Amino acid sequence: MTQPVDLLITHASQLLTMEDGLGLIEDGAVAVHNGKIVATGKTSDLEKRFVGQEIIDASGKTITPGLVDCHTHLLFAGSREQEFASRLKGADYLSILQQGGGILNTVEQVRQATPADLIQHGLKWLNEFLTHGVTCVEIKSGYGLDYANEKKMLEAISALSEYTDQHLVATFLGAHTFPKEMKEQPEKQMDELVKRMLPDFRELAEHCDLFLEKGAFSLDQAELILECAQSLGYGLKMHTNQLSQLGGIALAKKYQLLSVDHLDIMSAEEIDTLAETDAVAVLLPGASFFLKESAWAPARKLIDKRIPVALATDFNPGSSPCPNLHFVMNLAVHQLGMLPDEVWQAVTVNAARALNKNDTIGSLIPGKYADLVLWDMPNHLHPFYYFGKNFVEKVWVNGRYAHLH
Ligand SMILES: [Zn+2]
């Protein structure tokens, strides 16, 4: 007897379930019902077991889970192409920051933006992500920096969830940098973060992130924030080891971070310490590319130590204005030495784990959300080979067809 399901996709030349590696099934099929994956397997098997209300023949095409972008600063206002142009003439990132440019420029524009401005901006870019098959996007606050404007950003992220089918994950990044009005009184800003913002924003943000870096937050300040965020039950994440090594990896162990992000500069000892934790290493090669860094994250050494590696766009107006996860996947192959199988894991299962969402997204396992991408390509190597081409043809989120504009 056949079981009726909402959707049956059949004859995919390759189906990647991402269960135990790629989980590659040739002539693969997926059965979807009530927004969830019911079964995956060979077409001949699933056709005997299920009858789809809608049937899609995916002959010559590839099916994967929806991609997960686990590190973005997607919500911002304005753009900084002038700053980029001066960097091309030789100015460096930290000197631009010290002159009140860089991130503080974006903070000023976000403070002036209305919630409607932010939502409109967010929807435009989320749609761009969707056209690249990204069905789950993490979005950080961190361009408001004071109570009212951080709240405005987090509320805009939750409002965005009402307008898009994509799964959005909000992360509080009040500890991104010190706002100019608090430059001389960092203790006061720390008090604001720890005593007011973190407790009050718990309902609006699932995770807490911070920027451990010269000119941003020190090791002691990072520890205060992590201590407080942990006691409030936030998932913990940290930008660390991008431009300097300030001891962030030891904190990853002490506070059981979900992820440590950037990791462009890592000593052998730090890699060993990280291997003793459950943290995901989130690599952001788009930022290394755009900042013309000489250091690229040591992906091979991390993978050799069995550290789960995820990749993300780090989409932001300063160091990685790249809304295209496929480009990052290509950078990972060429600049980080990652293999295609590892890259697919990095933008699905491992990225889901970096968001603590691996029970519901990231792979095609019965019971998980039916977030699927149909790629007009016969196998999973095509995006690396025909670099620059977007093969995404159809996207489903929760089993529903998402409209690509
Ligand atoms: Zn970032």
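Rule-based calculations on the coordinates, nothing more; no lab input. For clarity, every value in this text was computed on a predicted model and none was experimentally measured. Quick reminder, even Gly has a Cβ in these numbers, built from the backbone with ideal geometry, and neighbours come from all protein chains shown.
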In degrees, nearest 10, range 0 to 90: what is the angle between the Cα axis of helix 115-131 and the longest Cα principal axis of the chain? 40 degrees
Using unit Cβ charges (K, R positive; D, E negative) and no other charged atoms, how large, in debye to the nearest 20, is the dipole of the chain about its Cα centre? 300 debye
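Per 0.36 nm of contour for each residue apart, how much would the distance between residue 230 and residue 195 grow if the chain were fully extended, relative to their Cα-Cα spacing?
On the way: separation 35, 0.36 × 35 = 12.60 nm, distance 1.36 nm.
Gain in length upon complete extension: 11.2 nm.
Using unit Cβ charges (K, R positive; D, E negative) and no other charged atoms, how large, in debye to the nearest 20, is the dipole of the range 283-345 about its Cα centre? Display every interim value, and only then the final one.
Details: 5 positive and 5 negative charges, 34 e Å.
With Lys and Arg at +1 and Asp and Glu at -1, about 160 debye.
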Sum up the charges of everything whose Cβ sits under 9 Å from the Cβ of residue 11, counting Lys and Arg as +1 and Asp and Glu as -1, but leave residue 11 out. -1
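What size of dipole, in debye to the nearest 20, comes out for the range 88-183 about its Cα centre when the only charges are +1 on Lys and Arg C-beta atoms and -1 on Asp and Glu C-beta atoms?
In total the dipole reaches around 280 debye.
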Separation of the residue 218 and residue 92 label points, Cα + 7 Å toward Cβ, nm: 2.2 nm
What is the helix-to-structure angle for 325-335, meaning the angle in degrees between its Cα long axis and the longest Cα principal axis of the chain, kept from 0 to 90 and rounded to the nearest 10? 80 degrees
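Tell me the net charge near residue 242. Cut-off is 11 Å between Cβ atoms, residue 242 excluded, with +1 for each Lys or Arg and -1 for each Asp or Glu.
Working: positive: 214; negative: 213, 261, 264, 293, 314.
In short, -4.
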Tell me the mean residue ellipticity at 222 nm calculated for the chain from its helices only (DSSP H runs of n ≥ 4, each -39500 (n - 2.57), averaged over every residue, nearest 500). -9500 deg cm²/dmol
Where a ≥ b ≥ c are the square roots of the eigenvalues of the C-alpha gyration tensor, would you call the chain rounded, which needs a/c under 1.5, or, failing that, prolate if a/b is larger than b/c, or oblate? prolate
For the chain, longest principal axis from Cα atoms; helix 219-232 axis from its Cα atoms; angle between them, nearest 10 degrees, is 50 degrees
Antiparallel as a % of all DSSP beta bridges within the range 233-334, to the nearest 5? 10 percent
By how many nm would the segment from residue 244 to residue 390 lengthen if fully extended, with 0.36 nm per residue of separation less the alpha-carbon distance? 49.1 nm
